[in-house]
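What follows is a single structure, written as structure tokens, with notes after it.
The values are calculated or read from the model by the stated rules, or taken from the named source; none is laboratory data. What you see is a predicted model; the values in this text were computed from it and never measured. When we count neighbours, we look across all protein chains shown, and the Cβ atoms used for this are built from the backbone with ideal geometry, even at glycine.
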Amino acid sequence: MRKNEKGITIVVLTITIILLLILAGITVYTGKDSIQKANLEGLKTNMLLIQTKAKEYVENASFELGIDPQNATNEMKANAQNELTGENKGTLVTSGDSIIDDLLDMGIRQEDIDNGRVCKLTTENLKNMGINDVESNDTEGWYVIVYNIDDTTAEIYHTIGYQGKHSLTEIEQIEL
């Protein structure tokens, strides 16, 4: 006669495996959501840091133009432009630049490019702004500033962006 054998039945084992798979699926979904939120917040933070420095540049440029910008001398205009794109502050985007089509697709106006209001930032430019460990290149996407001296603002763009949004204004409105 056999004694009661104690052990796990195949039904209990199957139920356990199914429960573990459900828990794993929930964990993966939650982890993916957390990674997306972290990426979005990282992009926002980088863009806000760039905007802070860019606003400093545009305010200095506005100051260089004096009280009456319409009557600014060529020297004043050159000093203002140097405040925006001087050494290590970015490179003016011109019509021949390789990212011009991307910028136009993102909503940057040709007029802003033609008038010298659009600057592309390199990784080195970002380091000079005090923003370390952030890449700005063909692979990771370019950070771009569109200056407006008239109202002393600067809009920041990223060529890769997030979910089809590229400007800081658009990205700040995304809710996850």
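Of all residues in segment 92-119, those that are under 19 Å from Tyr162 (Cβ atoms) and not hydrophobic (A, V, I, L, M, F, W, C) total 3. Filtered by the rule that a residue be part of a helix (DSSP H, G or I) and among the acidic types (Asp, Glu), segment 21-69 gives Asp33, Glu41, Glu56, Glu59, Glu64. Would you say Leu121 is out of contact with any Phe, Trp or Tyr (no Cβ under 6 Å at 6 or more places or on another chain) and among the hydrophobic types (A, V, I, L, M, F, W, C)? The answer is no for Leu121. Within segment 80-111, the set of residues being touching a helix residue (DSSP H, G or I) at 6+ places or on another chain (Cβ under 8 Å), over 20 Å from Thr153 (Cα atoms) and polar (S, T, N, Q) comprises Thr94, Ser95. Anything in segment 58-75 that is surrounded by fewer than 16 Cβ atoms within 10 Å (Cβ to Cβ) and not charged (D, E, K, R)? List them, or say none. Answer for segment 58-75, where residues must be surrounded by fewer than 16 Cβ atoms within 10 Å (Cβ to Cβ) and not charged (D, E, K, R): Phe63, Gly66, Ile67, Pro69, Gln70, Asn71, Thr73, Asn74. If the condition is being of a type in the set (D, E, K, R) and farther than 13 Å from Ile149 by Cα, then segment 58-115 contributes Glu75, Glu87, Lys89, Asp97, Asp101, Asp102, Asp105, Arg109, Glu111, Asp114.
Under 30 Å from Lys89 (Cβ atoms) and of a type in the set (Ser, Thr, Tyr) - does that describe any residue in segment 22-44? No, segment 22-44 contains no residue that is under 30 Å from Lys89 (Cβ atoms) and of a type in the set (Ser, Thr, Tyr).
For the criterion of being under 25 Å from Pro69 (Cβ atoms), at pLDDT below 95, surrounded by fewer than 17 Cβ atoms within 10 Å (Cβ to Cβ) and more than 13 Å from the chain's Cα centre (by Cα), Asp138 fails.
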